[in-house]
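See below for the structure under consideration.
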């Protein structure tokens, strides 16, 4: 599908004219349920709206998506969470949420699939709301701005934009996985 390319996503979003930002936010929210390329959408927003406005729109979409996952899973209740996760994993998740949970939330925004899983786990383990929102904002805002900058640079430096879009997630995953392995309770 052409949408899954930089040019395709820009062209597709541009067809919505002044409502492209709203469609992009809906797509970022839908990423909670569907395997959509969120960073590609954010890059397209940077191309269409520039790095600052496109970045803020991207951050809002990422924040709303994370919040929705958190609240949907939090509303399930503790008994359901224990049934889904098992008592040991639920207790482990609560330990992580209180010890390094903020870092996990913030850094997960930069990785494929993990943002949704981590936001849902935070809700299931009943991470404190303010703590979750702060960590979510700390991950969503730099992510949105960075990918909007990458998308915006695609006009003058397309090779750099492609390299950053493809190279940042694996590099971040490499660093994050090492840090998490060292800090997660056994």
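Observations, loosely collected:
- Gain in span if fully extended, residue 182 to residue 85, counting 0.36 nm per residue against the direct Cα distance: 32.7 nm
- The fewest-to-most ranking of 140, 67, 108, 62 by surrounding Cβ atoms within 10 Å reads 67, 108, 140, 62.
- Using bins of 10 Å that start at zero, the share of Cα-Cα pairs per bin across segment 1-84 amounts to 18, 45, 21, 11, 4, in whole %.
- Placing dummy labels 7 Å off each Cα toward the beta-carbon, the span from residue 129 to residue 113 is 3.2 nm.
- Segment residue 76-residue 18, extension gain: residue separation times 0.36 nm, minus the distance between their alpha carbons: 17.2 nm
- Maximal additional length on extending the residue 160-residue 53 stretch stands at 36.4 nm, based on 0.36 nm per residue less the C-alpha distance.
- Calculated P(r) tail over 20 Å for segment 9-183, as whole % of Cα pairs: 52 percent
Read-outs throughout are calculated quantities, based only on the coordinates presented, and are distinct from any laboratory measurement. Nothing here was measured: the structure is a model prediction, and the numbers come from that model. Backbone-built Cβ (ideal geometry, glycine too); neighbour counts: all protein chains shown.
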